[in-house]
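One structure is given here, and the rest of the page talks about it.
What follows is calculated from the coordinates using simple rules that are stated; it is not laboratory data. Because the structure is a prediction, the values reported are computed rather than measured. Cβ sites come from the backbone with ideal geometry, for glycine too, and all protein chains shown count toward neighbours.
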Amino acid sequence: MPNASASRANPAALVDAARHCVIPNDIAFTRYGELIAPELPGMGVVLDRWQEDIWYAALGLREDGSLACDVMGVTLSIGRQVGKTWGIMVGLIAICLARPGTLAVWSSHHDRTSSQTLDKIAGIVEKPAIRPKMRAQHPVVMTDDNRGVHFANGSKILFGARSAGFGRGFSEVDIQVYDECQNLKESALTDMLAAMNVSDLGLAFFMGTPPRPQEVALGVHDAFKRRRDRALDPKKRRPFKGVYVEFSPSRPEDVVADIDAPGFWGMLSEVNPAFGFRVGKSAIERLVENMSPEDVLREVFGIWDKTNETLAVVPKDDWNRLTADLDALPAVASFGINATRSGWYWINACWCEGESAHVEIALGTQSEVEAMNFLSMHATKRTPIKHDSTGAAKALGEKLKQRGFKASAYTQNEASAGNPLWLSLAEQKRLTHDGNPDLELAVRGSRRQDRASGGWMLVPRSASFDIGPAIAMSAAVYAAMTTRRPSGKGRAVSGRARRAGAER
């Protein structure tokens with residue numbers, strides 16, 4: 001993290017450092033000079049000019065004294081190793097010192113991030129210039145519900161992980177910070193934001209880096225994205241009552257993710273005002289070393305991937321509308337098998353009624369023996385089973401065939417026809433599923449890859465997706481819809497959408 005150094009503070013203004021800087025135009029005055037500026041000298045801290053400007057806007061008031069960003073809060077889309085977390089920390093400490101009894105709540109998605117942030121702020125408040133103003137005993141609490149930093153004047157900053165339920169149940173909160181906002185659903189904010197209704201501050205920060213494809217597919221980025229979309233909408237019908245700041249390159253298509261390529265460091269200076277001041281090359285090299293090129297573009301350069309929203313074969317809302325909870329199902333029409341490189345066997349079952357189909361994950365396991373036993377129990381010798389034409393699924397299929405089951409490879413030619421088939425059924429609302437999250441993530445983590453010979457294949461939108469359940473579904477639907485279905489009853493799959501073994 002950048003060290004606070006007066007000699008290395010960047011004098012660039014926020015409007016010059018940021019690609020996007022949206023600030024309410026009805027700010028009449030600010031509480032920055034009241035709540036933050038007087039405390040900084042005594043803390044031994046000097047903020048960069050752009051960090052000061054964020055706080056200046058965040059604490060901006062209208063003529064009637066109301067907070068100018070009272071509706072949408074302050075949203076920061078800023079990469080790593082820039083200083084957004086440190087700048088907000090310092091401002092919070094200053095406000096807590098200047099305003100007795102202030103309650104600030106800082107939530108992250110992951111507990112690990114929350115603990116790391118607490119460690120950083122603990123390092124600041126334990127400095128000799130600030131320690132006398134902290135609570136005499138146990139100013140830093142690392143465990144229990146009071147985890148955070150506690151001031152002598154009754155102010156406190158509490159930390160926790162949203163994934164563990166932290167952030168709900170508070171009352172009379174003055175400031176809320178939503179870190180890792182790329183993983184924050186809008187629906188989770190209702191109770192948390194209501195806790196600030198009685199405060200004369202009521203200030204909320206939403207900060208993070210652009211969401212990964214997996215977060216986009218899950219839809220957990222919607223709180224972050226909605227604020228960005230509202231702020232940057234050129235045709236907004238009403239003013240954006242908030243602050244939006246984004247550090248990203250003016251020409252994202254020109255950015256190179258390779259640290260050794262020409263132009264990398266020059267482009268970095270455009271998006272990171274701390275580089276060359278508080279942050280040197282070594283810090284960036286350590287950061288980039290274990291990142292994929294896609295991660296570098298998002299987390300170092302702050303680039304929002306426009307294609308993430310549109311590449312999915314089936315949009316999230318469309319897929320969710322196909323969910324059906326069916327009490328009674330006919331005999332299983334077919335099974336599809338896919339084995340992933342991570343060692344998972346995905347078995348999907350397909351049921352048919354006329355020209356409609358219903359699909360579910362019947363089993364997910366890392367055991368070939370369990371997959372074999374499952375199919376031996378639930379498939380008849382007449383049930384078509386389609387499996388991958390290569391790898392572990394092919395080996396499983398060969399063993400099934402030796403036992404007399406109707407197993408055959410799902411060839412590329414069949415898949416190139418089977419994918420348009422199930423998608424057509426989905427678009428006609430003749431394909432349903434049970435809402436299994438693994439299947440949902442696999443479908444929305446898939447994209448089309450056209451074949452020169454016609455048709456298309458399913459491929460992952462990024463390496464972080466396991467699309468095995470989607471490929472197994474495609475195989476099962478193809479087998480069911482292209483095979484003459486016998487009359488009479490077969491064996492039913494008893495436990496629906498179950499995944500055996502330990503969680504991934």
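Using the Cα atoms of the range 32-126 to build a convex hull, what is its mean projected area in square nanometres?
Working: hull surface 28.4 nm².
One quarter of the hull surface, i.e. the mean projection, equals 7.1 nm².
Give, as ranges by residue number, the residues of the range 268-308 whose backbone N falls under 12 Å from the point 7 Å along Cα→Cβ of His20. Within reach of a label on His20, which here means backbone N under 12 Å from a point 7 Å along Cα→Cβ, the range 268-308 contributes 303-306.
For the range 263-355, GluC sites (Glu not before Pro) are listed when DSSP marks them as loop and at most 14 other Cβ atoms sit within 10 Å of their Cβ; the list is Glu355.
Return a whole-number percent for the relative contact order of the chain, with Cα pairs under 8 Å and 6 or more residues apart as the contact set. Before the final figure, lay out each step's value.
On the way: 988 pairs, mean separation 74.4, N = 504.
It rounds to 15 percent for the chain.
In this structure, the amide hydrogen of Ala204, modeled 1.01 Å from its nitrogen in the peptide plane, lies closer than 5 angstrom to those of Val74, Gln176, counting only residues at least 5 positions away or on a different chain. Based on C-alpha pairs under 8 angstrom that are at least 6 apart in sequence, the range 316-499 has a relative contact order of 33 percent. Give me the Kirkwood hydrodynamic radius of the range 9-251, using the inverse of the mean 1/r over all pairs of distinct Cα atoms, in Å to one decimal. It works out to 18.2 Å. Pairwise Cα separations in the chain fall into 20 Å bins from 0 onward with the following percentages, short to long: 21, 43, 28, 8, 0. Restricting the calculation to Cα atoms, every distinct pair contributes to the Kirkwood radius of the range 277-410, found to be 18.4 Å. Can you work out the Karplus-derived ³J(HN,Hα) for every residue in the range 52-66? Use 6.51 cos²θ - 1.76 cosθ + 1.60 with θ = phi - 60°, whole Hz, and x for glycine or proline. 3J(HN,Hα) across the range 52-66, in whole Hz: 4, 5, 4, 5, 4, 6, 4, 9, x, 10, 7, 4, 7, x, 7. Residues Ser269, Ser367, Ser108, arranged from fewest to most other Cβ atoms within 10 angstrom of their Cβ, appear as Ser269, Ser367, Ser108.
Do any of Lys316/Lys399; Lys84/Lys185; Lys235/Lys316; Lys406/Lys429 go past 32 Å between their Cα atoms, and which?
Numbers: Lys316/Lys399 37 Å; Lys84/Lys185 21 Å; Lys235/Lys316 25 Å; Lys406/Lys429 29 Å.
Checking Cα-Cα distances, Lys316/Lys399 exceed 32 Å.
In percent, how large is the relative contact order of the range 9-251, given Cα pairs closer than 8 Å and 6 or more residues apart? Mind dumping the intermediate values first?
Numbers: 454 pairs, mean separation 68.1, N = 243.
Relative contact order of the range 9-251: 28 percent.
With the Cα gyration tensor of the range 407-464 in hand, give its eigenvalues times 5 under a square root as the equivalent ellipsoid semi-axes, listed largest first in whole angstrom. Mind showing how you got there, number by number?
Working: eigenvalues 76, 49, 29 Å².
The three semi-axes for the range 407-464 are 20, 16, 12 Å.
Quotient of the Cα radius of gyration of the range 316-499 and 2.2 N^0.38 Å, N being its number of residues: 0.93. Simple spin-label estimate for Asp111 and Leu329 gives 3.5 nm between the two label positions (7 Å along the Cα-to-Cβ direction from each Cα).
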